[in-house]
Amino acid sequence: MQTQKLSFKHYLIIGSMLFGMFFGAGNLIFPIHLGQLAGAHWLTAGVGFLLTGTLLPLLGIIAISVTRSSGIYELARPIGKRYATIFMVLTCATLGPLFATPRTATTPFQIGIASHVSASQAPLFLLIYSLIFFAITYWASRKPTKIIDTIGKLLNPAFLILLAIIFGIAFTHPLGSAHATATTAAYQSDAFLNGFLQGYNTMDALAALLFGIAVVTTIRSLGQHDANDIAKTAAKSSLLSITLEAAIYLGLIWLGATSLTHFKISTDGGIAFSQIANAFMGVPGAIILAIMATLTCLTTSVGLASSFSEALHAKFPKISYLAWNRLACGASFLIANIGLDAIIAWSTPMLMFLYPLAITLIILSIASPLFQKDPIVYRWTTALTLIPAAFDALGAAPAVITRQGWAQWLLAFDAKYLPMAKLGMDWVVPALIGLMIGLSWYAIRRFILGRQLKGDQA
């Protein structure tokens, strides 16, 4: 089938769609909060944050392009069909109705509306706001082919204009000097690693694996059908969106650090952002912030609901796309009403478990041509990543779990025997060991097979 050459305008449209999908709730609040925690070390922490917040999602899109996978299930299938199904369902649930999608409604409510209503009124206002929010999400995500128009051409420009207003005032009239602010204890010596782990909260690496479906569908709708052309277009377009996202992240982290001159460290970046906007522009600033947060989170909500429905409909075709979409929007509406703090608290353990598995999967996928996508390399690496990832999830669980005797024993074992356990990076060494075992096994089998072929030819 003949493939169409795309113009730079097409790359911009696809890149805009990806930016709208990636940049949402966590992308606003966590960089601000990171800046407050890191203080004078904001740039070091910011570099760590960019690795998991921007580079890793870019590598995720490239991984899908390199392997020519249609989605997260196919990407993980070399490990095993059952594992691929479980990993896909957990990722879809995390990005869908369990955590990420409900957060797209609670975050803009928290930073734009909650501070202007009483505590007793907040639940009712959240109910009304989230109902309208997810009704719009359902309407916009009913037909996946409309994603590019809904996100790329309408909502993104409005969001970027509003964000530019905030940054313009902040850069010309800064609240203080970021390099002169205090640094919390955790960021005095481990700013980079803590910034790296904070990037998990964006969920963008997981989203990249899920959004691959929407990217491929959109590129094909623009007239490209050759697999190599689709891969190149996906990589170029994602690079545009990730570069813009990285610039915004650094601006938000810097903004959080400068805010310490006037404000104490807040419990989350949403409160901090609201305080900063009010300091710059008063009530008009709060209104701009509420609109900005709603727009950016709505774009992400539409992308998440569409990709969730596409992925599960492809795997379980007996259930229609619209049925999955109704489930995503309906369940997200219900869970959103438990509040932002509860959503963040319960999502962290899942992210600490899934991210190491996602990181190793992305690296293996990109490097797969070197070992001919041999399942043995995938399986050894993943097997030795699973247990420490489970330890990390347990360590990040709410206190009601970590205070249990069995949990204390397991965490003590983890800290004693696995390097970097206290930093939440205890999966790194086991994963490298698994990778080396897998590659060695692959090399030995190739060597034996080569010797057998030579013997047969002789």
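For segment 168-276, averaging the sequence separation of C-alpha pairs within contact (under 8 Å, six or more residues apart) and dividing by the residue count gives a relative contact order of 46 percent.
Each of Ser368, Leu384, Thr402 was scored by the projection of its Cα onto the charge dipole of segment 341-458, and the greatest displacement toward the positive side belongs to Ser368; charges sit on the C-beta of Lys, Arg, Asp and Glu.
Working note: 222 nm ellipticity from helices only, DSSP H runs with n ≥ 4, each -39,500 (n - 2.57), summed and divided by the residues of the chain, gives -25000 deg cm²/dmol to the nearest 500. Below 8 Å between Cα atoms, with a sequence gap of 6+, how large is the relative contact order for the chain in percent? Once divided by the residue count of the chain, the mean separation gives 31 percent. The slack in the chain from Gln452 to Thr402, taken as 0.36 nm per residue of separation less the alpha-carbon distance, amounts to 12.6 nm.
Extension gain, Ala443 to Leu131, is 106.7 nm, computed as 0.36 nm per intervening residue step minus the present C-alpha separation. Taking a ≥ b ≥ c as the square roots of the eigenvalues of the Cα gyration tensor, an a/c ratio of 1.5 or more together with a/b no larger than b/c marks segment 324-458 as oblate. Dipole size of the chain about its Cα centre, with +1 on Lys/Arg Cβ and -1 on Asp/Glu Cβ: approximately 1180 debye, rounded to the nearest 20. Each peptide in 362-370, 115-123 gets a packing score, the mean of other Cβ atoms within 10 Å over its residues, and the list from highest to lowest is 362-370, 115-123. Seen through its C-alpha gyration tensor, with square-root eigenvalues sorted a ≥ b ≥ c, segment 320-403 comes out oblate because a/c lies at 1.5 or above while a/b is not bigger than b/c.
The numbers here are math on the coordinates, done by the rules we state, and not lab data. Every value quoted in this text rests on a predicted model; they were computed, and no experiment measured them. A quick note on method: Cβ atoms are made from the backbone with ideal geometry, for glycine too, and the neighbour counts reach across all protein chains shown.
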